[in-house]
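Read through the structure below, which is laid out as structure tokens, and then see the notes.
The values are calculated or read from the model by the stated rules, or taken from the named source; none is laboratory data. These figures come from a predicted structure and were not determined experimentally. In this analysis, Cβ positions are derived from the backbone assuming ideal geometry, glycine residues included, and neighbour counts consider all displayed protein chains.
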Amino acid sequence: MRNLGLRVGIVIFAVGLAIYAVIPTIRLYTEKNLSEEAKISLSKRAIHLGLDLKGGMHLVLEVDTTGLKENPKDLRDRAFEVIQNRIDQFGVYEPVIEKQSGGRILVQLPGVDRDRAINLIKRVAHLEFKLVADDQFQDVIQKMDKFLSAEDTLAFEEPFSSYLLSIGRQPAIDVRDEDSVRALISQAKEVIPEGLEFLFGPKEESGNRNIKKIYLLKKTAELTGEGIRDAQHRPNQSGQLQYVGSWEVDIQFKRSAARKFASITGRNVNKRLAIVLDGVVQSAPYIQERIPHGRARITGNFTAEQARDLAIVLRAGALPAPLKIIEERSVGPSLGRDSIQSGMRAVLIASALVILFMLIYYSLSGLVADIALFLNLFFLLAVLSAFHGSLTMPGIAGIALTIGMAVDANVLIFERIREELKIGKTTRTAIDQGFARAWITIFDSNITTIIIGVILFIFGSGPIKGFALTLTIGLLSNLFSAVFIGKVIFNYFTYKFDIRKLKI
């Protein structure tokens, strides 16, 4: 009885541990109105749904080496590191990021919006700080108007200045005129000073139309994003009316870049320093004093999500070259929900039929098998939660197969017990002998299948891994639940209630 008490204690401890492991999964997928912080915290301790269940993106990317002399393999390796860093900081759970032959990169992101994922991955994130040539703006515009008016071949009747709108203190253009404005700039490039260039801000609303602010900047960047040490997003604190309710990105430079930034701001007090990201002027604040601490802010009408993504790409660094999408597949969340419902329906039907069969064929002893089967599935989910495993559609198939293997173990045990009872042995002896003689057969059949599952997991990929993972965990759990827990239940009731005749 002392030995039985110890074994009952082990079972209770194992069940308690499993409950603790599976609670985050239950909370994550059942509780509503969870905060973003709570979701992230629970996701780190829960089962993750694979791409086929949760939906998401499948991308095959290739580095665009056009015009570059660097080794394509080196570019691919650098791009791989940048993409990996971005996705790690983005918080995607169970992403797949792999190098492929031909300089390609495979990316699979479960549960991520398509446009946001592509923007995060493909963004070059080339950050520059350029001085704004406000003192030369009007002079350059006048020269362009004069030059363009003398061009007989020009198809535009209006002067360049007629396209400019007065939005506050910064000239802007209507987005509908952008192509025309760019064509005029290209046509009049010979009168634009060699060290200057026109760049636009992001699209924004003003009144009832969409506009883009236009800036005249020095071509040579004073500082680039390579010197960034950290970047964090936060609510906008500028106090400017147009940025109320928006977010900004606070960047901090490395020591050498901070010294250079202090020197730049010290030499250009009362001038504007534009923050240019991938050729778009995000903001152009005035330098009011020397900034010695190496900090700067990127302001704009960013949402919290946009600011967070921008901070991520700035922290992770710029891509060495643009990326091309070679292959793209997306799995919608509705398809994932249908797959989950179909898979779970199949598992529940299989479980119900097995439970019913065991109760009919083995009477009350079948109830012991059903309890062991339930605990087997519960332990399987607990282990997946504890080790942050992914559940895929093939994984659900592995669970269904586990049910069959678990029932097979109980059938072997019960038939052995029946044989012992037929030759006249007592109930307790028959139970002990039945479990002892069935154990070696169960062990052999499960271990050989587990070996195959491990091989599939190591050398397989994608769906094969999901199937092998759940099958292997389920079979290991089966050795504990069907044999150890099943015997504990039988021994407990036969000793506790002194059962002399067993219905099996």
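Listed values, structure above:
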quantity	calculated
Yes/no for residue 415 being touching a helix residue (DSSP H, G or I) at 6+ places or on another chain (Cβ under 7 Å), part of a helix (DSSP H, G or I) and acidic (Asp, Glu)	no
Subset tally (residues that are part of a helix (DSSP H, G or I) and not aliphatic (A, V, I, L, M)) for region 388-412	7
Selection status of residue 404, under 25 Å from the mean Cα position of the chain (by Cα) and either touching a residue at least 12 places away in the same chain (Cβ under 8 Å) or loosely packed, with under 14 Cβ neighbours inside 10 Å (or both)	no
Test: residue in region 15-31 that is of a type in the set (D, E, K, R), over 20 Å from the mean Cα position of the chain (by Cα) and over 28 Å from residue 386 (Cβ atoms)	no
Filter pass, residue 98 being closer than 26 Å to residue 397 by Cβ and not in a helix (DSSP H, G or I)	yes
Within region 286-300, considering residues that are buried (at least 16 other Cβ atoms within 10 Å of the Cβ) and more than 15 Å from residue 231 (Cβ to Cβ), the one farthest from the chain's Cα centre (by Cα)	287
Residue 7 of a type outside the set (A, V, I, L, M, F, W, C), assigned to a loop (DSSP other than H, G, I, E, B) and surrounded by 13 or more Cβ atoms within 10 Å (Cβ to Cβ)	no
Residue in region 277-286 that is part of a strand (DSSP E or B), in the same structural domain as residue 217 (by TED's automatic domain parsing), within 26 Å of residue 88 (Cα to Cα) and in contact with an Asp or Glu (Cβ under 9 Å, 6 or more places away or on another chain) present	yes
Region 367-393 residues that are closer than 22 Å to residue 28 by Cβ, paired with ones that are outside any helix (DSSP H, G or I) and polar (S, T, N, Q) (beta carbon under 9 Å, 6 or more apart)	384/390
Residue 423 free of Cβ contacts under 8 Å to residues at least 12 places away in the same chain, surrounded by fewer than 20 Cβ atoms within 10 Å (Cβ to Cβ) and hydrophobic (A, V, I, L, M, F, W, C)	yes
Region 448-475 - residue that is under 21 Å from the mean Cα position of the chain (by Cα) and not hydrophobic (A, V, I, L, M, F, W, C) and, of those, nearest to residue 404 (Cα to Cα)	466
Which numbered condition residue 472 misses (of (1) touching a Phe, Trp or Tyr at 6+ places or on another chain (Cβ under 7 Å); (2) hydroxyl-bearing (Ser, Thr, Tyr); (3) closer than 27 Å to residue 6 by Cβ)	(3)
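Residue-by-condition table, conditions (1) β-branched (Val, Ile, Thr); (2) in a helix (DSSP H, G or I); (3) surrounded by fewer than 21 Cβ atoms within 10 Å (Cβ to Cβ):
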| position | (1), (2), (3) |
| --- | --- |
| 315 | no, yes, yes |
| 330 | no, no, yes |
| 355 | yes, yes, yes |
| 378 | no, yes, yes |
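Matching residues to (1) of a type outside the set (Phe, Trp, Tyr); (2) crowded, with 16+ Cβ neighbours inside 10 Å; (3) in a helix (DSSP H, G or I):
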| residue | (1), (2), (3) |
| --- | --- |
| 458 | yes, no, yes |
| 464 | yes, no, yes |
| 469 | yes, yes, yes |
| 472 | yes, yes, yes |
| 477 | yes, yes, yes |
| 481 | yes, yes, yes |
| 487 | yes, yes, yes |
| 498 | yes, no, no |
| 502 | yes, yes, no |
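Condition check ((1) in contact with a Pro (Cβ under 8 Å, 6 or more places away or on another chain); (2) closer than 17 Å to residue 483 by Cα; (3) among the hydroxyl-bearing types (Ser, Thr, Tyr); (4) at pLDDT 90 or above) across all residues:
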site: 416; (1), (2), (3), (4): no, yes, no, yes
site: 425; (1), (2), (3), (4): no, no, no, no
site: 428; (1), (2), (3), (4): no, yes, no, no
site: 438; (1), (2), (3), (4): no, yes, no, yes
site: 442; (1), (2), (3), (4): no, yes, no, yes
site: 445; (1), (2), (3), (4): no, yes, yes, no
site: 452; (1), (2), (3), (4): no, no, no, yes
site: 455; (1), (2), (3), (4): no, no, no, yes
site: 458; (1), (2), (3), (4): no, no, no, no
